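Notes to accompany the following structure.
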Amino acid sequence: MAGHGSKKVIYAALAGNALIAVTKFAAAAYTGSSAMLSEGIHSLVDTGNQGLLLHGLKKSKQVADERHPFGYGAELYFWSFVVAILIFAVGAGVSIYEGIQKILHPHPVSDPYIAYIVLGLAMIFEAVAWWIAYKEFARVRGTRSTFAAVRDSKDPTVFTVLFEDSAAMLGLIVALAGLLGVQYLGLEWLDGAASVAIGVILALTATLLAYETKGLLIGEGASPELLSKITAIINATPAISHLNEIRTLHRGPRDILLALSVDFVDQVKAGSVEETIYSLERTIKMEMPQVTRLFIEVQARKHHEEMLEEEKEAIAPDSK
């Protein structure tokens, strides 16, 4: 499950975006700025997105039942994907539409200094939320690059909020540039162009988030480090002669389904096999608590290889 750090990041972003949305809409109504209206929509969408992420976290903690025997951990991945779709459809779509309308039918921005004050306050609120999200992301990133950490991450809440806040900061800068252009260059269409640019930023952010969360929805395996630990435990078990196969599936950030196929030494008795499997389950779950469900199949190596070949032959015709 997602940890306490994820909730802290979401709550910080939720509070910040709610405050920012109110001030932006007020400024947009007063000044008539298209870019400010797009920013208000952006912050409103972000506020709703944080609510959806919190809903996903809550749903993911539901206890497994007959209809969902492996639990509800993937709820978090589903709602994270919905967030990406909303950013694209609502945030980007409305911003681009509003910007195009302003370009086609430009009108002056009244009292831009009000908008500057709101943008300044928004930057402060957004910077605080961004810093909290970045610190949490940096904690889990370690020595990896940002893109490698996002690619390997199994907790979408942290990088979703970080990307949202980063896009928001860029959007504020673009909105500020558009208003300055209107005021000092006299080009009223720049306000609409800024709105379109904000929409493009949101669309790119949504595309990246959708791509990453799609992989989690489809099903990603555990990290190479965890696989190495499991392999070492199996290889150090005297009663097992060979690890035929190891498969893992993340059902949530800290909810891993593990399936093993092992070949026991022929001389080992049935009672010893049962004790060995029990010992392996306890050891693996103790050292790696994120492995919540574990299934061990006892199978001769040659039989396992025969089954794999039959699977390949059955799949081959359909892949042509």
Extent along principal axes [Cα atoms of segment 43-185; Å; largest to smallest]: 63, 35, 23
For segment 249-320, what is the charge dipole size about the Cα centre, in debye to the nearest 20, if Lys and Arg each add +1 at the Cβ and Asp and Glu each add -1 at the Cβ? 420
Just the C-alpha atoms of the chain: what Rg/Rh do they give, with Rh taken as the Kirkwood radius? 1.15
Gyration tensor (alpha-carbon) shape descriptor, segment 224-319, a/c threshold 1.5: oblate
Residues other than Gln50 with Cβ under 11 Å of its Cβ, Lys/Arg counted +1 and Asp/Glu -1, net out at -2
Starting with the fewest neighbours, write out Ser153, Ser6, Ser195, Ser228 ranked by other beta-carbon atoms found within 10 Å of each beta-carbon. Ser228, Ser153, Ser6, Ser195
Taking Lys7 as the anchor, which lysines have their alpha carbon closer than 28 Å to its alpha carbon, excluding any fewer than eight residues away along the same chain? Lys24, Lys58, Lys59, Lys61, Lys135, Lys154, Lys214, Lys285
Among Ala84, Ala133, His68 the positive-end extreme of the charge dipole of segment 1-160 (Cβ point charges): His68
Take each of the peptides 17-28, 182-193, average the number of other beta-carbon atoms within 10 Å over its residues, and list them starting from the highest. 17-28, 182-193
For the chain, find the longest principal axis of its Cα atoms and tell me its angle to the long axis of helix 4-31, 0 to 90°, nearest 10. 20
The distance between the Cα centres of segment 219-257 and segment 260-309, in whole Å, is 11
To the nearest 500 deg cm²/dmol, what mean residue ellipticity at 222 nm is calculated for the chain from DSSP H runs of n ≥ 4 alone, each contributing -39,500 (n - 2.57), summed and divided by the residues? -24500 deg cm²/dmol
DSSP-defined antiparallel bridges as percent of all bridges, the chain, nearest 5: 60
Which residues qualify? For Ile240, with a placed amide H closer than 5 Å and at least 5 residues away or on another chain, they are Val265
Please sort by residue number the GluC sites (Glu not before Pro) in segment 45-118 whose DSSP state is loop and whose Cβ has at most 15 other Cβ atoms within 10 Å. Glu66
Once you have the Cα-Cα distance between Ser241 and Thr143, take 0.36 nm times their residue separation minus that, and quote the gain in nm to one decimal. 31.7 nm
Lys, Arg +1 and Asp, Glu -1 on Cβ, resulting dipole of segment 4-218 about Cα centre, debye, nearest 20: 700
Sorting Lys229, Lys154 on the 10 Å Cβ count, fewest up front, what's the list? Lys229, Lys154
List the lysines whose Cα sits under 23 Å from the Cα of Lys312, skipping any in the same chain fewer than 8 residues away. Lys302, Lys320
Can you find, among Leu243, Pro224, Ser195, the residue farthest towards the positive end of the dipole of the chain? Put +1 on the C-beta of Lys and Arg, -1 on that of Asp and Glu. Ser195
Inter-probe distance in nm under a simple model that places probes 7 Å from Cα toward Cβ, at Glu225 and Leu249: 2.5
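Laboratory data are not the source of any read-out in this text; all were calculated from the coordinates shown. Note that the coordinates shown come from a computational prediction; the quantities given were computed from them, not determined experimentally. Don't worry about glycine lacking a Cβ; one is built from the backbone with ideal geometry, like all the others, and counts go over all protein chains shown.
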